[in-house]
1. Which of the residues belonging to segment 1-15 are open to solvent by 10 Å² or more (accessible area, probe 1.4 Å) and of a type in the set (A, V, I, L, M, F, W, C)?
2. Could you tell me whether Leu18 is open to solvent by less than 20 Å² (accessible area, probe 1.4 Å) and of a type in the set (A, V, I, L, M)?
3. How about segment 134-162: which of its residues are surrounded by fewer than 16 Cβ atoms within 10 Å (Cβ to Cβ) and β-branched (Val, Ile, Thr)?
4. Quick one: which residue in Trp36, Trp78, Trp47 is among the aromatic types (Phe, Trp, Tyr), within 11 Å of ligand 2 (Cβ to nearest atom) and under 15 Å from the mean Cα position of the chain (by Cα)?
5. For Asp170, indicate whether it is within 14 Å of ligand 1 (Cβ to nearest atom), of a type in the set (D, E, K, R) and open to solvent by less than 30 Å² (accessible area, probe 1.4 Å).
6. Only residues that are of a type in the set (A, V, I, L, M, F, W, C) and either touching a helix residue (DSSP H, G or I) at 6+ places or on another chain (Cβ under 7 Å) or within 16 Å of ligand 1 (Cβ to nearest atom) (or both): list them for segment 27-53, please.
Amino acid sequence: MRTILVANPKGGCGKTTLATNLAAYLAGQNQRVAMWDLDRQKSSLDWLALRAAELPAITSLDADRNEINPVIPDNNDWLVLDSPAGIHGKNLAQALKLAHKIVVPVQPSIFDMAATRDFLDRLMEEKAVRKHKAFIGIIGMRVDPRTRAAATLEQFLKQYDLPILTYLRDTMVYVNAAFTGKSIFDLPSYLAERDLTQWQPLIEWVET
Ligand SMILES: Nc1ncnc2c1ncn2[C@@H]1O[C@H](COP(=O)(O)OP(=O)(O)OP(=O)(O)O)[C@@H](O)[C@H]1O
Ligand SMILES: [Mg+2]
């Protein structure tokens, strides 16, 4: 089983949007996918509860967020971990221990970048990251790559030598899909053409 952690302590940067869409993409590839929502707000679980039975199935992992050693059934191909704003300390260490890939959404504002700095410092210190056993992928969230904001984000990330895998635009497509427990991968492709294209580099990175 491969585990993807979606994390950034900055609130509202797009973690749940990424986690739910990733899980739905993988489920749509006939993979067995479980989601574990570490967030007390349970946004991913709320989304899962809205998901129709005829859509590609995602199992919800019923584990307590404070459990140190959650029982993770190994009959899944993927585990997608959504994480809460403000994650740090023991909870972060536990989530990092499980992760093979860490997806970090960052919005290109001065507030978001400042709030992400300590987190990225912490990630770069993680043993698995240093030993190339866990990999970090940054997503420019709600941003057009041709803007000055995107250039500022790239400049900020240079110090970490972390490439931006892709930029996802600001669009109601994600918001509307989520209302019915869907992802962009569950929509007729003409409704999400640009978004499906933007996801391609992220999908390739996750699958390799
Ligand atoms: N690319 C996008 N385009 C438009 N809206 C978006 C996009 N990504 C996220 N949103 C919206 O922004 C809000 C915050 O996103 P989301 O809940 O995914 O962030 P989060 O990091 O999980 O937040 P929290 O830290 O509270 O858990 C939501 O209303 C979501 O629908
Ligand atoms: Mg969330």
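1. The first filter runs over segment 1-15 and keeps only residues open to solvent by 10 Å² or more (accessible area, probe 1.4 Å), leaving 1-2, 9-12, 14-15.
Passing the criteria: only Met1.
2. The answer is yes for Leu18.
3. Listed by number, the residues that qualify are Thr147, Thr152.
4. Among Trp36, Trp78, Trp47, only Trp47 is among the aromatic types (Phe, Trp, Tyr), within 11 Å of ligand 2 (Cβ to nearest atom) and under 15 Å from the mean Cα position of the chain (by Cα).
5. Values: within 14 Å of ligand 1 (Cβ to nearest atom): yes; of a type in the set (D, E, K, R): yes; open to solvent by less than 30 Å² (accessible area, probe 1.4 Å): no.
Considered against the rule, which asks whether it is within 14 Å of ligand 1 (Cβ to nearest atom), of a type in the set (D, E, K, R) and open to solvent by less than 30 Å² (accessible area, probe 1.4 Å), Asp170 comes out as no.
6. Of all residues in segment 27-53, those of a type in the set (A, V, I, L, M, F, W, C) come to 27, 33-36, 38, 45, 47-50, 52-53.
Result: Val33, Met35, Trp36, Leu38, Leu45, Trp47, Leu48, Ala49, Leu50.
The values are calculated or read from the model by the stated rules, or taken from the named source; none is laboratory data. Because the structure is predicted, anything quoted here is derived from the model rather than measured. Note that each Cβ is placed from the backbone with ideal geometry, even for glycine, and that neighbours are counted across all protein chains shown. Side chains are part of the model used for accessible areas, which takes the heavy atoms of the whole protein and leaves out ligands, DNA and RNA. Shrake-Rupley method; radii C 1.70, N 1.55, O 1.52, S 1.80 Å.
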